[in-house]
Amino acid sequence: MVSLVVLVVSFVILRGAGRLGIRQLSSWRASGRYALAIMFVFTGVSHFTPMKHDFAAMIPAPLPNDLWVIYLSGVLEIAGGIGLLIPRTRRLAGFGLVLLLVALFPANVNAALNAIPLGGRPPTTLWLRAPMQLLYLGMVWWTAIGARPEQAERTADQERMAGRGQAPRMEVQ
């Protein structure tokens, strides 16, 4: 649930910054991409905190619940988050994160069905966790995989300027 809060708060703040004139954040897609990067780095780092033992307990049998699995998934989340911000790796990072989200979902189901706590709190219920996972998948697809090349993407600022008959400013990423 914390990951959802991090994503939503980041998205709102970043989109607000875009509205205030920060060109890199002047589109919904770009703000969403940066918010996802923040969320994935945040959640990836948590795999190296004492919560790593809670994550290991979530892994369903017969999969190994050794800490190396937790460290690997944390590294992949961090790398994927950073990869979203680099135009040359964005699409590959997006596909990697989609695969990772799908691969990690059984652990979330296991935690919900077997009441495995996370950080001393009850796990997120399945009726909430499943839509959260779909939101993450959809946002990754929208911001990284389904995104048009940056040169063809018109920002909200460019749309407003075009509507006023003014030449749009070019977005630099």
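The values are calculated or read from the model by the stated rules, or taken from the named source; none is laboratory data. It should be emphasised that the depicted structure is a prediction, and the values quoted were computed from it without experimental measurement. Because the Cβ atoms are built from the backbone with ideal geometry, glycine has one as well, and the counts that use them run over all protein chains shown.
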### Task
Take the stretch 53-105 and flag every residue that is of a type in the set (Asp, Glu) and more than 19 Å from MET139 (Cα to Cα).
ASP54, ASP66
### Task
Quick one: PHE48 ticks every box in (1) at pLDDT 95 or above; (2) buried (at least 18 other Cβ atoms within 10 Å of the Cβ) except a single one, so which number is it?
(2)
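So, in the stretch 121-134, exactly how many residues are within 15 Å of ASP54 (Cα to Cα) and in a helix (DSSP H, G or I)?
Taking the stretch 121-134 first, the residues within 15 Å of ASP54 (Cα to Cα) are 121-124.
Among the residues that remain, those that are also in a helix (DSSP H, G or I) are: none.
So the count comes out to 0.
Which is in a helix (DSSP H, G or I) and at pLDDT below 85, of GLU159, GLU153?
Within the list GLU159, GLU153, the selection yields GLU159.
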### Task
Kindly provide the set of residues from the stretch 4-31 that are under 29 Å from PRO117 (Cα atoms), surrounded by 16 or more Cβ atoms within 10 Å (Cβ to Cβ) and not aromatic (Phe, Trp, Tyr), ordered by number.
LEU4, VAL6, LEU7, SER10
### Task
Exactly one condition in (1) within 15 Å of the chain's Cα centre (by Cα); (2) farther than 19 Å from VAL6 by Cα is not met by PRO50; state its number.
(1)
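From the list VAL6, VAL12, which residue is of a type outside the set (D, E, K, R), closer than 18 Å to GLU77 by Cβ and under 19 Å from the mean Cα position of the chain (by Cα)?
Answer to the selection: VAL6.
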### Task
Determine whether ASN110 is surrounded by fewer than 15 Cβ atoms within 10 Å (Cβ to Cβ) and modelled with pLDDT of 90 or more.
no
### Query
Looking only at the stretch 51-89, which residues are surrounded by 19 or more Cβ atoms within 10 Å (Cβ to Cβ) and among the charged types (D, E, K, R)?
ASP54, GLU77
### Among the residues listed as ALA17, ALA103, ALA79, ALA115, the single one being among the small types (Gly, Ala, Ser) and modelled with pLDDT of 95 or more
ALA79
### Message
Need pairs with beta-carbon distance below 8 Å; first residue more than 11 Å from LEU97 (Cα to Cα) and within the stretch 127-140, second among the β-branched types (Val, Ile, Thr); sequence gap 6+ or separate chains.
### Response
ARG129/VAL109; MET132/THR124
### Query
Out of curiosity, is ARG121 among the basic types (Lys, Arg), surrounded by 12 or more Cβ atoms within 10 Å (Cβ to Cβ) and modelled with pLDDT under 95?
no
